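Peer 1: Here's a structure for you.
The values are calculated or read from the model by the stated rules, or taken from the named source; none is laboratory data. This is a predicted model, so every value here is computed, not measured. Reconstructed Cβ throughout: ideal geometry from the backbone, glycine too, with neighbour counts over all protein chains shown. Accessible surface areas use protein heavy atoms only, side chains included; no ligands, DNA or RNA. Shrake-Rupley method; radii C 1.70, N 1.55, O 1.52, S 1.80 Å.
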Amino acid sequence: MPLHPTIARVTDRIRSRSAASRAAYLARIKAAADQGPARAHLSCGNQAHAYAAMETDKAALASARGPNLGIITAYNDMLSAHQPYEHYPELIRRAARDAGATAQVAGGVPAMCDGVTQGRAGMELSLFSRDVIALAAGVALSHNTFDAAVFLGVCDKIVPGMVMAAATFGHLPAVFLPAGPMTSGLPNDEKSKVRQQFATGEVGREALMAAEMASYHGPGTCTFYGTANTNQMLMEFMGLHLPGASFVNPGTPLREALTLAGARRATEITALGNDYRPAGEMLDERAFVNGLVGLMATGGSTNLVLHLPAMARAAGILLDLDDFDAVSEVVPLLAKVYPNGLADVNHFHAAGGLGFLIGQLLDAGLLHPDARTIAGDGLARYRQEPKLIAGQLVWQDGPAESLNAKIVRSAAVPFAASGGLRQLTGNLGRGVIKVSSVPADRLLIEAPARVFASQEAVKAAFQRGEFASDVVVVVRFQGPRVNGMPELHGLTPVLAVLQDRGLRVALVTDGRMSGASGKVPAAIHVCPEAVEGGALARIADGDMLRLDAQAGRLDCLTEGFASRAPVVPDLSANAEGSGRALFEVFRRNVGAADAGASVVL
């Protein structure tokens, strides 16, 4: 199937826009590659320091004949998604030795959980942690004793930060090894119902705690299709995972076999062998466009609208919101996974999963089939699914048809003709909206504004019963320069209750929402942010606002609002507590949300 003309046009536009920066980037990584294996340039003393503790592998490392893998790990045992990584280094070292190679844990990176910090001061460090992860991984790889990097990370900021580091050290091959989702617990829609009941006082904290613990109950990623699982999809669409690896549960024989296979593959694609696949060449325009297609086809997290531009910049590629919008226009929605449906990612995987979707999108001409991946040239390999047969890991053709049309569908009969995200522009600025789970009759909201400076103030107004008519809730001064752009996920139950009561409700903010949000229309990431002189700083209670997701418009209809003096916020409360004082330099130097909200790129 020929490549869809829009996909081709978007790719060419990105390639043209990025020509100078991409050329400079490729020249840098070529110069690094041309120097040969970095260990060859280290003194004996340098190397002795690096190998001193490697009892079993010391002789092999000193001989420098085989590849040495650098492991970057986000392991901790507080977070379910990363707890399975505790024993991965042992497996990777074992696989490397079997292949005549070695492996060392080069360093660890922080891995914070938005689910733990939601609504707390620590959430103001969440987005910034992505750049900290990139920096930490960069420090680990700076020892220059590695021939490839193996990345162990799953969740919201961890994978994007690791990709930024992998691109920065783009002369090294990079293999990402997932941990997989936890087994299914309390269905996500039932958990959401209890949350709404708690918000209205129908149930107490004991019932809420029981529901949450039944939902988040074991090792692995949360089972809804939020940012963590969107990251896993992205790594597969972009060819940095082995085919079919994303959604295999932790602690299973197949999961272990895939981990061993990923480590072996990392040893095969270094510059010391005959199949050199540096990460910087894998991460080209085709890979990022394939990632955009996957995001739209699956109704993925809005957080990737922030992360993908930052990841791309690390590889010299410039993405724009226009690219997201154009891809979304032509890519059909093929998956319904909570919060876009009732199924979780385990159900999605069982129904055909990513292999089926990639096959459908390839057949429809919506993916670059010739993209390079760690598995080999061409994305067709990712139509296959891994199986463990008689103890041997093999890949077989995935299903040609959906095994559950309520969860995944073919491109011929999609859930929707276009993808899950829309760009919004208008006199209030530029932002995005996730529409894949918004009811069709809620895509246009026109109502008076109620203006707040925090989600806590919105909740307090709700508890006082102040929302009795249609409303557009404006929560401003939530951008990266103010407080690190925390997720406003705590607003989801409140706004959902108002919508369920029959009110026409929308949210407009320069902040962000959780990857698990989407039921209530929300214009997010609005730029310029209010503290930078954005129009949201001039909105007042009662102004008539219009959010039209179908037309891609976000406007204030009240005449003269733009001539008002902007409100100047008191930001002193954001300066201290939970480590916020350490991140003042980040708040001062962070870029705009529509360019990725990065500090280091």
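Peer 1: Using DSSP to define loop residues, name the GluC sites (Glu not before Pro) in the stretch 43-124 whose beta-carbon has at most 15 other beta-carbon atoms within 10 Å.
Peer 2: Glu55
Peer 1: Turning to a different aspect of this structure: Treat every Asp and Glu Cβ in the stretch 98-197 as -1 and every Lys and Arg Cβ as +1, leave all other atoms uncharged, and give the resulting dipole magnitude about the Cα centre to the nearest 20 debye.
Peer 2: 300 debye
Peer 1: Here is a further query. Where does the chain land at 222 nm, in deg cm²/dmol rounded to the nearest 500, when only DSSP H runs of n ≥ 4 count, each adding -39500 (n - 2.57), divided by all residues? Mind showing how you got there, number by number?
Peer 2: Numbers: 22 runs with 220 residues, N = 601.
Helix contribution divided over all residues of the chain: -10500 deg cm²/dmol.
Peer 1: Using the Cα centre as the reference, give the magnitude of the dipole from point charges on the C-beta atoms of the stretch 1-120 (Lys, Arg: +1; Asp, Glu: -1; all else neutral), rounded to the nearest 20 debye. Mind showing how you got there, number by number?
Peer 2: On the way: 14 positive and 9 negative charges, 145 e Å.
That gives the stretch 1-120 a dipole magnitude of about 700 debye.
Peer 1: Let me understand the stretch 55-110 better: what is its radius of gyration from the alpha carbons, and its Dmax, in angstrom?
Peer 2: Looking at the stretch 55-110, its Cα Rg and Dmax stand at 12.6, 39 Å.
Peer 1: In Å², what does the accessible area per residue of the stretch 447-595 work out to with a 1.4 Å probe? Write out the running numbers ahead of the final one.
Peer 2: Values: 5650 Å² over 149 residues.
Here the per-residue accessible area is 38 Å².
Peer 1: Would you work out which of Ile7, Ala53, Leu69 lies farthest towards the positive end of the dipole of the stretch 1-114, given +1 charges on the beta-carbon of Lys and Arg and -1 on that of Asp and Glu, about the Cα centre?
Peer 2: Toward the positive end, the furthest listed residue is Ile7.
Peer 1: So how far, in whole Å, is the C-alpha centre of the stretch 305-340 from the one of the stretch 495-550?
Peer 2: 20 Å
Peer 1: Ranked from the most accessible area to the least, with a 1.4 Å probe and all protein chains present, what is the order of Leu354, Leu393, Leu582?
Peer 2: Numbers: Leu354 10, Leu393 40, Leu582 135 Å².
Descending order: Leu582, Leu393, Leu354.
Peer 1: What is the set of long-range amide H partners of Ala148 at a cut-off below 5 Å, with H atoms built 1.01 Å from backbone N?
Peer 2: Amide H neighbours of Ala148: Asn68, Gly70.
Peer 1: Taking the square root of 5 times each eigenvalue of the Cα gyration tensor, what semi-axes in Å does the equivalent ellipsoid of the stretch 32-80 have, largest first?
Peer 2: Semi-axes, largest first: 25, 16, 10 Å.
Peer 1: What do you reckon, how do Lys434, Lys519, Lys30, Lys406 stack up by accessible area (1.4 Å probe), largest on top?
Peer 2: I get Lys406, Lys30, Lys519, Lys434, largest accessible area first.
Peer 1: Using the heavy atoms of the protein chains alone and a 1.4 angstrom probe, what is the accessible area of the stretch 75-131 per residue in square angstrom?
Peer 2: Result: 40 Å² of accessible area for each residue.
Peer 1: How much accessible surface area, in Å² rounded to 10, belongs to the heavy atoms of Thr223 with a 1.4 Å probe?
Peer 2: In the full protein context, Thr223 sits at about 10 Å².
Peer 1: Which one, Gln104, Ala121, His41, projects farthest toward the positive side of the charge dipole computed for the stretch 1-124 from Cβ point charges (K/R +1, D/E -1)?
Peer 2: Farthest along the dipole direction, towards plus: His41.
Peer 1: A further question follows. If you wrap a convex hull around the C-alpha atoms of the stretch 417-576 and split its volume per residue, what is the figure in Å³?
Peer 2: Values: hull volume 16.9 nm³, N = 160.
Enclosed volume per residue, from the Cα hull, is 106 Å³.
Peer 1: For the chain, give the percent of accessible area contributed by carbon and sulfur heavy atoms, probe 1.4 Å, rounded to a whole number.
Peer 2: Carbon-and-sulfur percentage of accessible area, whole number: 54.
Peer 1: Given 4 °C and 1.567 mPa s, compute D for the stretch 156-290 with the Stokes-Einstein relation, Rh being the Kirkwood radius over Cα pairs; round to the nearest whole µm²/s.
Peer 2: Numbers: Rh = 17.0 Å.
Result for D is 76 µm²/s.
Peer 1: Let me ask another. Using only Cα atoms, locate the centre of the stretch 262-288 and the centre of the stretch 399-441, then give the distance between them in Å, rounded to an integer.
Peer 2: 32 Å
Peer 1: Determine the order of Met182, Met54, Met209 by accessible area, beginning with the largest, at a probe radius of 1.4 Å.
Peer 2: Putting Met182, Met54, Met209 in descending order of accessible area: Met209, Met54, Met182.
Peer 1: Still on this structure: Tell me the net charge near Pro528. Cut-off is 11 Å between Cβ atoms, Pro528 excluded, with +1 for each Lys or Arg and -1 for each Asp or Glu.
Peer 2: Details: positive: Arg430, Arg481; negative: Asp510, Glu529, Glu532, Asp594.
Computed value for this residue: -2.
Peer 1: If you don't mind, there's one more thing I want to ask. May I ask you to give the average projected area over all directions of the convex hull of the Cα atoms of the stretch 147-189, in nm² rounded to one decimal?
Peer 2: 3.8 nm²
Peer 1: How large is the dipole of the chain about the Cα centre if only Lys and Arg carry +1 and Asp and Glu carry -1, each at its Cβ, rounded to the nearest 20 debye?
Peer 2: Working: 53 positive and 56 negative charges, 89 e Å.
Computed charge dipole of the chain: roughly 420 debye.
Peer 1: Still on this structure: Work out the charge dipole of the stretch 463-588 with +1 on the Cβ of Lys and Arg and -1 on the Cβ of Asp and Glu about the Cα centre, then indicate which of Val526, Ser514, Leu554 is farthest towards its positive end.
Peer 2: Ser514
Peer 1: Based on the mean of other Cβ atoms within 10 Å per residue, sort peptides 36-47, 15-26, 251-262, 295-306 so the most packed one is first.
Peer 2: Details: 36-47: 12.9, 15-26: 15.0, 251-262: 18.6, 295-306: 27.4.
Per-residue mean Cβ counts within 10 Å order the peptides as 295-306, 251-262, 15-26, 36-47.
Peer 1: Now, a different point. How long is the stretch 250-306 along each principal axis, judged by its Cα atoms, biggest number first, in Å?
Peer 2: Cα spread of the stretch 250-306 along its principal axes, largest to smallest: 37, 32, 17 Å.
Peer 1: Computed over the Cα atoms of the chain, what is the ratio Rg over Rh, Rh following Kirkwood?
Peer 2: Dividing the radius of gyration by the Kirkwood radius yields 0.97.
Peer 1: Which of the peptides 535-545, 457-467, 63-73, 125-135 is most tightly packed, and how do the rest follow, judged by the mean count of other Cβ atoms within 10 Å per residue?
Peer 2: The peptides rank, most packed first, as 125-135, 63-73, 535-545, 457-467.
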